[in-house]
Structures are given as C-alpha cells and as structure tokens.
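Undergrad: Quick one: the structure is below, questions incoming.
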C-alpha cells in the first residue's frame, strides 16, 4: 500500500519582487525555503513582519509565481484544481464584498466548490454558528467590524471541509474571546484529521497549538521542527516567589540573578544549583518562600534570541 | 461553466446592489420629459426625436457603465484582494475573468432591455407605433457595449485603473470617429499604408455599430448587415478577451 503524500512538500522555494520607480532593483522575499508538513499536523509559520510568511502562502496558492523551486500540495502541484478542491484559505486582513451578507458569501463560495443547494444552505448555517455570526448572517458586510470579517474569513475557508487549511494571521483583529474560539476551531480541525498551516507572530498561540513550527527571518528558514526539538527542555532557571523581604533585597546571598516586584512580593530568578542556599537565606531574613517554579525556554525566548542575530544574507540586491 | 455562472451571478448582483441600474431612473426622466415637451411638434418629427433621444441615451448610459464598471470589474478585486480567497478555491483565473465579463454583459443586457421597454412605452404613450426596426439599433448598441467592456477589462489588467479608464475612453471616442482615422493618410501625408491599416484594425470601429440614424430615418438594415456587425463584434471581443485572459494568467496578485 502506498503512503499518502505529505500535506505540504515545499522544495527550495524562492521569490523576489521588483521594486523602485524603474523596478530595477529586486527584493528577495523568500530564499530556498524547504518545508515538509505531515498530514494531520498543526504547523506554525512564525516570523516578524516582512519575514516571508504571507509570500509563502501566496506562492502555495498560486497568487504569485516563484523564481525557482516548487511545492506539492496534498500531492498535487501548485495551482492544480484537485489541490484547491481540498484547500481552505483565510487571507491576512480579509476583505469581502460589502454588498453581500455572510450567508450569501458562503453560498457563493459553496457554488465555486460545486456543492448542491441543500448542502450549501446547511453548511452556511453550520459555519455561521461555528464562528458566532448567526445573528449577523443576513447583514450586509459593509457594516461589519474587522473581527467579524475575520470570523467570516475563517468560515469561508472551511466551506468545503478542507483537508488542508492555510490561515494567514488568523488571530488578527480578534478580541480575546474570538482568539479563544479560533484556537478551539484549529484544534477541532486537527481532531477531525485536517492539516492546519498558519502564519502568526503571536507566539503563545503557536506554542499552544503547533505540533511543528518553522521560523522565518529575512525570507529564510532559520529553524524548523517540533517545538521540543527547537526549544531547550532543560530548566534555564528557577522563579522563586517570596514575601516579607525588603524591596531592595539588601543582604541576600549571591545567586539571585535578577528580580522583579509584584506588589509586596518579589519574584527572584535563581540558577537551579543556588536554589537551596537562596531559600535558606530568605527564611533567615524573616521572609517566606511562597512558590518555586522551574522555567524553561519559551518560544518567545527562542524567537527573540533568533531575531537578535544578524540577518541570514543581504536582503536587498541590485538587478544584475 | 458552473463556476463561470457563479462568478457572473455575483457580478450581476454587485451591479444591482451597488446601484448601477439607477441610471434607468435618468433614462425614465429623459423619456418622460421629452415625451411631454415634444407633444407640440408634428407627429412625424416628435417620433423621430424620441427615437433618436432614446437610442442616444441608451448608448451613452450603456457606454458609461461598460467603461467605468468594466475598468473596476477585476482591478478593484485585485486592489482590495477580495479575489484572493476565491482563487484559492477551484475556480481558475480564466473562469473568474470570463464570469466577470459575462456578469457585466448580463447587467448591460438588463439595462438595455429596460431602456428599450421604456422607449417603446414612450412611443406608445404618445400614440406613435412601436417600430420593430428599433430593435436592430438596440442590438448594435449592445454589441458595442460588449466590445467596450472587453477593452476596459484588458486595459485594467495591464495598466492602472486611471490609465485604463482614460485609455478606454480614448479608444471609444477614436472608434466613433474612425472615418477621421481613415483619412489620416491625407492629414499625415508620409504615413505608410500598412500603419494606417494597423491603426484601423487595432481601434474598434464603433461606427459599424451605429445604426441609429438608419433605423430612425427608415433606411433598411438587412440581416446580412446585422450578421456582419455581430461577426465583427465577436471577433474583436474574442481577441481582446483572449489577450485579457493571457495577461491575467501572468498577473502577480501580491
């Protein structure tokens, strides 16, 4: 039995844009990006603004064309109708037609997938309920907020029960409840066996949701893999919550690297080996240790450290 | 075909919701006012003026819609990126463009259809006969509108919206004065014959579609004449739409 191809197989994808008044310069937006996303995974494409996340998505969807490299989407080349039949896509800051209502837009999307009328109607109702737009189902979108458009964007990406969903900054413009709802939808898609490829710069979301991530910087992949492969699982230091000590920490033993005040309490950052000595010292000075917590490297720590490094290569080149 | 129809349906719905068909109100006002004012003239004269006015208004309003809505048909979608989520679905760029063309084509058909009914209603209200020959001029106007939409669509894909609007307008005006172009050889003596022919072929000859005077003044317009202008419109529109499809396939949607 042949194994199903990966959801996404990106091979050395590169893209540059012509820029300037005479378009004589090129900006390298993506450089030899190679990624493989297994079926059923939630994959996060991370990076700061301008790192190439949206360019990657637009290339995969055939909206723009690569300078070199290629990709297979669900085993099909970029742009193949068979692949698009099983795809969903939420663009960044989506814009839909002002003159349509969400129900009409979802019906239009369903028509493009060739769904019969009954199925279109049922699916629209189901999706509007899923994203919390049932009460606004028949309101023209010219009256929608950014968050409501984002919700509809998510709904239209799921019309065809896609095997692979591309979400470009799915949390953008959403309030905390909306973000939570999107997180739940992503996890539900995963549970149903769909693959989710999403770009974000909201790192806690990626940390919560992703099986694997790729970190982009200046158009290049600077790290990729499972989170436990990328992040160090070793404890970097201990956080000790104490009370009853003077806020200037005068007289504390060496070992406390840094500290911060939390009202009348203090949070001490202490190397693991020094923990015992610091706890004894706190108690000798009349203080109380309220909690001790090991701290591991977060995705944010990793991201900040990576982004602090020099760029992989000069991003701006003159046309040869 | 199903997907082309879906895009066309949405393009028509857009025209209706964005009040493109409001021009029908102006047409109705023109027809009513002219009907009231021209009652003083002799019977033969007022019928001719109303026919002339009705067909000219149909032509003008139709051309304005074809030009300005045509230019924004796809370029607006590119600018606002509203076509990004659609092109991620199993609709090709060719189908999208053809659907947009068909949608505006249908809008214009409805528009011209209502105006034709309005024109006949005015004539009947004044007790003048419903001259069926008018339909030949209306048909020719509609063909000219389709040519205009095709040009607007092509130019909006290869240039900016402003350049496309201005250049389509220039082509429409030039095409209505194609007899001047025919005499360009006299105005510019050194102009080679092949260059003159090239200009004549490239610029749509909108005079071919102008049957207004012939119909109003009772000249015969044969089926052969109609067949010829239909073939010309089909060839010109087909070529321009093919070029638009090729340009749109290559267009990067950033």
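Read-outs: derived from the displayed coordinates by stated rules, not from any lab. The model shown is predicted, which means the values in this text are computed figures rather than measured ones. Here the Cβ is made from the backbone with ideal geometry for all residues, glycine too, and neighbour counts use every protein chain on show.
Undergrad: Among B:109, A:61, which comes first, then next, by fewest other beta-carbon atoms within 10 Å?
TA: B:109, A:61
Undergrad: Can you work out the FRET efficiency for the pair residue A:201 and residue B:222, with r the C-beta to C-beta distance and R0 = 56 Å, to the nearest 0.05?
TA: E between residue A:201 and residue B:222, to the nearest 0.05, is 0.20.
Undergrad: Kindly identify region A:37-95 as rounded, prolate or oblate by the Cα gyration tensor criterion: order the square roots of the eigenvalues as a ≥ b ≥ c, call it rounded if a/c is under 1.5, otherwise compare a/b with b/c, prolate if a/b is larger, else oblate.
TA: Verdict is rounded for region A:37-95.
Undergrad: Using 1/(1 + (r/R0)^6) with R0 = 25 angstrom and r between the beta carbons of residue A:32 and residue B:1, what's the FRET efficiency to the nearest 0.05?
TA: It comes to 0.05.
Undergrad: Can you give the FRET efficiency for residue A:25 and residue B:130, using 1/(1 + (r/R0)^6), R0 = 41 Å, r = Cβ-Cβ distance, to the nearest 0.05?
TA: 0.05
Undergrad: Sticking with this one: In nm, give the distance between the simple-model label positions of residue B:33 and residue B:60, each being 7 Å from the Cα along the Cα-to-Cβ direction.
TA: 1.0
Undergrad: Something else about it: Other chains' Cβ within 10 Å of B:88-99 residues: what's the mean? Before the final figure, lay out each step's value.
TA: Values: counts 18, 18, 12, 6, 4, 3, 0, 1, 1, 0, 0, 1.
Average neighbour count from other chains, rounded to a whole number: 5.
Undergrad: May I ask for the distance between the Cα centers of region A:32-111 and region A:4-24, given as a whole number of Å?
TA: Computed from Cα coordinates, the inter-centre distance equals 13 Å.
Undergrad: Listing B:177, A:95, A:108 from the residue with the fewest other Cβ atoms within 10 Å to the one with the most, what is the order?
TA: Least to most surrounded, the residues fall as B:177, A:95, A:108.
Undergrad: According to a simple spin-label model (label point 7 Å from Cα along Cα-to-Cβ), what is the distance in nm between residue A:17 and residue B:202?
TA: Placing both labels 7 Å along Cα→Cβ, they lie 3.2 nm apart.
Undergrad: Just want the ordering: A:130, A:164, from fewest to most Cβ atoms lying within 10 Å of their own Cβ. Display every interim value, and only then the final one.
TA: Numbers: A:130 17, A:164 22.
The most exposed by this proxy come first: A:130, A:164.
Undergrad: Same structure, new question: What is the list of residues in region B:159-189 whose amide nitrogen lies under 16 Å from a point 7 angstrom out from the Cα of residue B:80, following Cα to Cβ?
TA: Once the point is set 7 Å along Cα→Cβ of residue B:80, B:161 turn out to lie under 16 Å by backbone N, inside region B:159-189.
Undergrad: Would you mind pulling out the separation of the Cα centroids of region A:178-241 and region B:54-118, in Å?
TA: When both Cα centres are located, 44 Å separates them.
Undergrad: Can you classify chain B as rounded, prolate or oblate using the Cα gyration tensor, where a ≥ b ≥ c are the square roots of its eigenvalues, rounded means a/c under 1.5, and otherwise it's prolate if a/b beats b/c and oblate if not?
TA: Values: a/c = 2.22, a/b = 1.32, b/c = 1.68.
It comes out oblate by the Cα gyration axes.
Undergrad: Let me confirm one metric for peptide B:17-30, namely the mean number of other chain beta-carbon atoms within 10 Å of its residues' beta-carbons.
TA: The mean count of partner-chain Cβ atoms within 10 Å per residue comes to 1.
Undergrad: By the gyration tensor of its Cα atoms, with a ≥ b ≥ c the square roots of the eigenvalues, what is the shape of the protein assembly as shown: rounded for a/c under 1.5, prolate for a/b over b/c, or oblate?
TA: Prolate shape, in that a/c is at least 1.5 and a/b is the bigger ratio.
Undergrad: At what distance in nm do the modelled label points of residue B:254 and residue A:228 sit from each other, each positioned 7 Å from its Cα along Cα→Cβ?
TA: 4.3
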